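Below is one structure, written out as C-alpha cells; comments come after it.
The values are calculated or read from the model by the stated rules, or taken from the named source; none is laboratory data. Note that the structure is a prediction, hence the values are computed from the model and not measured. Because the Cβ atoms are built from the backbone with ideal geometry, glycine has one as well, and the counts that use them run over all protein chains shown.
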C-alpha cells in the first residue's frame, strides 16, 4: 500500500512536531510538510502531492480554519481533511463537517481517537470523536449539506480577494497588503472595493463584524 502524504497545519510548532511523531509512527502515513496558518496550508495543498490535511481551526491571526477547510474542499476535493481542535461547541463541529472536513477530533482526546480519525480518512469514511455527542438535529444538519445563504457573498469572492479579506479585517494598510501578497497598491484598492461590493458592506467595522460573526478570521 502506498504511503499517504500528510500536511499538518497548526500555529504551534510543538504541536506540529508531536503530531508528526505520532503520524510517522503509523504504517500507512508520512508527514511531508507543515504549515503555521490556513493561508500557507492552502498554498501547500495547491502545490500538490498531499493526500491528507490535519488542521487546527484556530490559527491567529488571519483566515479561520473553517474557511481554509471550505476553500480546500472546493478546489481540491480529493484532499481529505481531519480537524484537530480544542473547540467542542456543536457550531464549530457542524460547520467544519459542512465545509468539507471528513474527521473531527478534539485536542483533549487520547492519541487513539486521533489515529482512529486518521485511519477513517484512509478508508474515505467520516469519523467524529467518540467524546462528542451529536444530537439527531446535529446529524441532520451535517448530512443536509447545501450552502449557507449568509455566506453566498463570501463564496463569490475570487481566490485573491479571499487572501485580501482577512488582511483587511485585521487592519493591514494597502501597502502592507501589497507587500505581503506581492501586488501593487492599486490592485489592493481594486480588490478591497470589489470585496465590499460583493459583501454589501460600507465600512471596515462592518467587515470586521461580518468576519467575526461567520468565524472567517482569527485574531
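Search the range 23-39 for residues being in contact (Cβ under 8 Å) with a residue 40 or more places away in the chain and crowded, with 17+ Cβ neighbours inside 10 Å, and hand back the single one that is farthest from residue 110 (Cα to Cα). Step by step, filter the range 23-39, then rank; the result is 39.
Conditions tested, residue by residue: (1) surrounded by fewer than 20 Cβ atoms within 10 Å (Cβ to Cβ); (2) in a strand (DSSP E or B); (3) touching a residue at least 12 places away in the same chain (Cβ under 8 Å).
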position	(1), (2), (3)
41	no, no, yes
54	no, yes, yes
60	yes, no, yes
69	no, no, yes
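Taking the conditions exactly as written (in a loop (DSSP other than H, G, I, E, B) and touching a strand residue (DSSP E or B) at 6+ places or on another chain (Cβ under 6 Å)), does residue 23 satisfy them or not? Judged against the criteria, residue 23 is not a match. Residues that are touching a helix residue (DSSP H, G or I) at 6+ places or on another chain (Cβ under 6 Å) and in contact (Cβ under 8 Å) with a residue 40 or more places away in the chain were ranked within the range 83-96; the one that is surrounded by the fewest Cβ atoms within 10 Å (Cβ to Cβ) is 90.
Answer yes or no: is there a residue in the range 52-59 that is more than 27 Å from residue 169 (Cα to Cα), at pLDDT 90 or above and not assigned by TED's automatic domain parsing to the domain that holds residue 210. Yes, that holds for at least one residue.
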